[in-house]
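Here, each number is a calculation from the coordinates, and none is a lab measurement. Small disclaimer: the values here were computed from a predicted structure and weren't measured. For neighbour counting, all protein chains shown are included, and Cβ atoms are generated from backbone atoms with ideal geometry for every residue, glycine included.
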Amino acid sequence: MATKTTPAEAQPTTSGKPAYSRELLLGLYKMLVKCRMCDEKARILFRQSKFAGNFYSNVGQEAGEVGAAYTLREDDWVAPSHRDWTSNIIKGVPLKFCFAQLYAKATSPDKGRSSPAHMGYAPLHIITPASSIAGQLNVGTGVALGIKKLGQDSVVVCFFGDGATSIGGFHEALNFAAVHRLPVVYLCQNNLWAESVPLRLQTALTNLSDRAKAYGFPGVSVDGNDILAVYEAATAAIERARAGEGPTLIEAKTYRWYGHSEIDPAKYRSKEEVEAWKKQCPVLRFEKFLTDKKILNDDLKKKVASDITAEIDEAVEFAEASPYPKPEDAADFVWS
């Protein structure tokens with residue numbers, strides 16, 4: 001697992017704002033770029049018919065993913081949705097296994113048994129997603145209950161979109177977590193569209209974080225394209241959960257650049273809306289911040305991209321060279 005800077009290294013200044021180390025800022029940047037490049041590569045591979053099933057791109061939303069999961073410990077848990085393939089990368093899953101999962105090869109974590117969108121990794125406590133919307137919230141909340149019963153201090157971070165907040169399972173999970181003060185952080189990536197349904201037709205709320213009030217625990221809305229805003233909110237929520245103070249709901253307001261999936265042309269959105277949000281690109285915004293701070297320059301940017309490209313190429317080569325599972329092994333690991 002990659003070495004990461006811990007939240008303790010972000011000490012407050014006299015102004016009250018955190019002064020982050022260069023190591024942490026560059027670590028966040030490299031992971032942000034890595035998630036973007038891996039996701040874009042997966043989109044290309046899908047369109048080349050390199051793998052079957054479907055793919056749900058997270059491009060445009062990377063700051064929410066990286067900001068919330070970057071400093072999790074190895075014994076912390078992640079409950080991702082179908083769009084959160086890159087949460088595995090952030091948690092430290094070897095890239096070759098992530099691409100093998102896309103290809104449904106025998107070398108993938110689930111040995112080629114599931115959808116490209118169902119990427120989990122038991123050794124690093126990443127729960128395999130289900131296709132049912134909000135399903136991961138119920139499973140993640142159950143894991144948080146187990147953590148509390150065992151007297152451990154690890155936490156669970158559940159990822160989901162705005163559409164999940166309209167599902168009964170979402171409300172059941174949050175209410176249960178509140179009653180039992182469970183160590184869980186709910187991270188809603190509000191990209192304004194539940195597949196083709198706009199947020200205004202889902203709820204009359206302006207801030208989805210207000211839903212937490214109904215259950216008696218804190219909710220906060222942040223700019224989901226500002227990685228430091230997400231990181232600060234998530235760090236506080238994780239520390240609160242680890243201290244036994246219960247759950248937090250974080251709404252990261254963001255936007256997915258592409259359709260619900262790679263087979264969705266997203267004609268329900270205007271080109272003007274999409275282009276306006278692309279100008280808020282989380283990668284470019286953070287690059288500007290780091291450049292202004294004289295932490296990042298063109299040479300370093302090129303090196304980061306080059307290193308990640310080499311890693312991706314090696315992972316794709318591994319996935320394509322790996323065998324498919326044997327038909328006679330289909331019943332392995334099935335309980336009876």
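Using Cβ contacts closer than 10 Å as the measure, can you line up 187, 228, 300 from fewest to most?
With the fewest neighbours first, 187, 228, 300 line up as 300, 228, 187.
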Practice problem: Give the percent of DSSP beta bridges with both residues in the chain that are antiparallel, rounded to the nearest 5. | Solution: 20 percent
Exercise. Report relative contact order for the stretch 196-260 in percent, whole number only (criteria: Cα-Cα under 8 Å, sequence separation at least 6).
Key: 36 percent
Quiz item: Can you sort 39, 75 by how many other beta carbons sit within 10 Å, fewest first?
Solution: 75, 39
Quiz prompt | Calculated from backbone phi, Karplus (6.51, -1.76, 1.60) coupling profile of the stretch 288-299 in Hz, x at Gly/Pro | solution = 5, 4, 5, 5, 4, 7, 6, 9, 10, 9, 4, 5
Quiz item: Can you list the HN-Hα couplings for the stretch 266-277, worked out from phi with the Karplus curve (6.51, -1.76, 1.60; θ = phi - 60°), rounded to whole Hz and with x for Gly and Pro?
Solution: 6, 6, 6, 10, 7, 5, 5, 5, 4, 5, 4, 6
Practice problem: Using DSSP to define loop residues, name the GluC sites (Glu not before Pro) in the stretch 44-109 whose beta-carbon has at most 13 other beta-carbon atoms within 10 Å. | Solution: 74
Practice problem: Compute the signed sum of charges (Lys and Arg +1, Asp and Glu -1) over the other residues within less than 12 Å, Cβ to Cβ, of residue 318. | Solution: -3
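Provide the gained length on full extension for the span residue 245 to residue 40, in nm with one decimal, where the gain is 0.36 nm per separating residue minus the Cα-Cα distance.
Full-extension gain reported as 70.0 nm.
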Self-check item: the stretch 203-303: relative contact order in percent, alpha carbon pairs under 8 Å with at least 6 residues between
Solution: 24 percent
Quiz item: Which ³J(HN,Hα) values in Hz, rounded to whole numbers, follow from the phi angles of the stretch 33-47 under the Karplus curve 6.51 cos²θ - 1.76 cosθ + 1.60, where θ = phi - 60° and Gly and Pro get x?
Solution: 5, 4, 5, 4, 5, 5, 5, 5, 5, 4, 4, 5, 4, 5, 5
Quiz item: Fewest first, what order do 260, 171 take by the number of other Cβ atoms within 10 Å?
Solution: 171, 260
Quiz item: Which of the lysines could a cross-linker span from residue 213 if the Cα-Cα distance has to be under 19 Å and same-chain partners fewer than 8 positions apart are dropped?
Solution: 253
Quiz item: Only one of the listed values, (1) 91, 38, 35; (2) 57, 55, 42; (3) 58, 43, 36, was derived from the coordinates as Cα extents along the principal axes in Å; which label is it?
Solution: (2)
Quiz prompt | Dipole of the stretch 108-239, positive direction: furthest Cα of 139, 191, 163, with charges on the beta-carbon | solution = 139
Quiz item: Counting pairs of alpha carbon atoms under 8 Å apart in space and at least six apart in sequence, what relative contact order in percent does the chain give?
Solution: 21 percent
